[in-house]
Amino acid sequence: MKSPLLSLPGAVPAEGVDEGVAAHYGDLFREQRALADGKGLVDLSHRGVLTVTGDDRLAWLHLLVTQHLTELRPGQATEALVLSANGHIEHALYLVDTGDTLWAHVEPGSQQELIAYLDSMKFFYRVEVADRTDDIAIVHLPAGSIAEVPDGVAVREVPYGRDLFLPRVDLESYATTNGPLAGTLAHEALRVEGHRPRVGFETDHRTIPHELGLIGSAVHLQKGCYRGQETVARVENLGKPPRRLVFLHLDGSDVHLPTPGTAVRLASDSGEDGRKLGFITTSVRHHELGPIALALVKRNVPVDAQLMAGDTAAAQETVVEP
């Protein structure tokens, strides 16, 4: 779904999964600094939006996802995962309940598959699941923003900002009134700085929650059964995750960023024949930190090991303890 904000002067379209909104509006670092200062907004209107209504909505969804939802208070933001039977991450839901409706936004284009799964699990519960992507747009306000929230708009407030579930017909007028605008590249740079993993970026077909440090934020360990819980409990109580998420400071002298999928190796063993220890998941240019990245590496990689991402030197910071 193409955003009307792409018609504004300076807007450069994003590519890949973020297609449909602006990657930037002409000055990536200025946009990052504005967000870091609590100013402006990010158009995330390409993200999928769904609602769950009905008296049983919280108790029902509680049985299907990794988060504890039965006592979720109106206005309280949380996040949850849908796992496969083997405990691998399939979907991430960013949630808020307004007292009569549970609102969620998800990765672009993933809402139909998720809704199909949820509909198949309704049984006798009094719930209705609806795809609201056509009429609701997600707008992100950074932490510290003083922008007003229109009456009746659901708001998901977290430490790094607020997500507004804004009527799509109001998107252009709200954005131009509460600018400056920042694109997805600025938003991604701050996400990487904050060590926040994203489904489809920091995940592959075998990623489990422990690898990304999602225990606590998206996975509640003191709740009843849900699909994939056996893997979560086994790793928590008996084992170790095979991989862990790391934050990388990249050599700023390189012109090109290592692309997602680039092999990570020890600096002392960095040739093409060197042992692959992991791979880059997201790489960005940050207005203060320079080139940075997130990567998944094997759990037993020493936390003080000097690494190479392809031909680029990389110093790691621990996100998930080994």
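The values are calculated or read from the model by the stated rules, or taken from the named source; none is laboratory data. What you are looking at is a predicted structure, and each value in this text was computed from that prediction instead of being measured. Cβ sites come from the backbone with ideal geometry, for glycine too, and all protein chains shown count toward neighbours. The area values use the complete protein model at the heavy-atom level, side chains included, leaving out ligands, DNA and RNA. Shrake-Rupley method; radii C 1.70, N 1.55, O 1.52, S 1.80 Å.
The criterion of at least 2 residues that are free of Cβ contacts under 8 Å to residues at least 60 places away in the same chain is met, among strands (runs of 3 or more DSSP E) falling completely within the range 104-186, by 161-167.
Against the list (1) surrounded by fewer than 20 Cβ atoms within 10 Å (Cβ to Cβ); (2) over 27 Å from Glu19 (Cβ atoms), the condition Thr66 fails is (1). Test Val246 against the stated conditions and say whether it is under 28 Å from Ala92 (Cα atoms), β-branched (Val, Ile, Thr) and touching a helix residue (DSSP H, G or I) at 6+ places or on another chain (Cβ under 9 Å). Here the answer is no, as Val246 does not meet what is asked.
This table checks each residue for (1) more than 17 Å from Gly75 (Cβ to Cβ); (2) not β-branched (Val, Ile, Thr).
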residue	(1), (2)
Asp100	no, yes
Val106	yes, no
Asp119	yes, yes
Arg126	yes, yes
Val139	yes, no
Glu157	no, yes
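If you filter the range 189-203 down to residues that are in contact (Cβ under 8 Å) with a residue 40 or more places away in the chain and part of a loop (DSSP other than H, G, I, E, B), you find that the one that is nearest to Val246 (Cα to Cα) is His195. Selection of the range 221-262 for residues being open to solvent by 20 Å² or more (accessible area, probe 1.4 Å) and farther than 24 Å from Asn86 by Cβ yields His249, Asp251, Gly252, Ser253, Asp254, Val255, His256, Leu257, Thr259, Thr262.
Taking (1) under 23 Å from the mean Cα position of the chain (by Cα); (2) within 23 Å of Ala36 (Cβ to Cβ); (3) assigned to a loop (DSSP other than H, G, I, E, B) in turn, Gly252 satisfies each apart from (1). Taken over the range 195-216, residues that are at pLDDT below 95 and either surrounded by 17 or more Cβ atoms within 10 Å (Cβ to Cβ) or in contact with a helix residue (DSSP H, G or I) (Cβ under 6 Å, 6 or more places away or on another chain) (or both) amount to 0.
A quick yes/no check of all residues on (1) of a type outside the set (A, V, I, L, M, F, W, C); (2) farther than 22 Å from Thr203 by Cα; (3) surrounded by 18 or more Cβ atoms within 10 Å (Cβ to Cβ); (4) under 20 Å from the mean Cα position of the chain (by Cα):
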{"position": "Val264", "(1), (2), (3), (4)": "no, no, yes, no"}
{"position": "Asp269", "(1), (2), (3), (4)": "yes, yes, no, no"}
{"position": "Thr281", "(1), (2), (3), (4)": "yes, no, yes, yes"}
{"position": "Ala295", "(1), (2), (3), (4)": "no, no, yes, yes"}
{"position": "Pro302", "(1), (2), (3), (4)": "yes, no, no, no"}
{"position": "Asp311", "(1), (2), (3), (4)": "yes, yes, no, no"}
{"position": "Ala315", "(1), (2), (3), (4)": "no, no, no, no"}
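Condition check ((1) among the small types (Gly, Ala, Ser); (2) in contact with a Lys or Arg (Cβ under 6 Å, 6 or more places away or on another chain); (3) within 22 Å of Glu19 (Cβ to Cβ)) across all residues:
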residue	(1), (2), (3)
Asp151	no, no, no
Ala154	yes, no, no
Arg162	no, no, no
Leu166	no, no, yes
Gly183	yes, no, yes
Glu193	no, no, no
Thr207	no, no, no
Ile215	no, no, no
Gln222	no, no, no
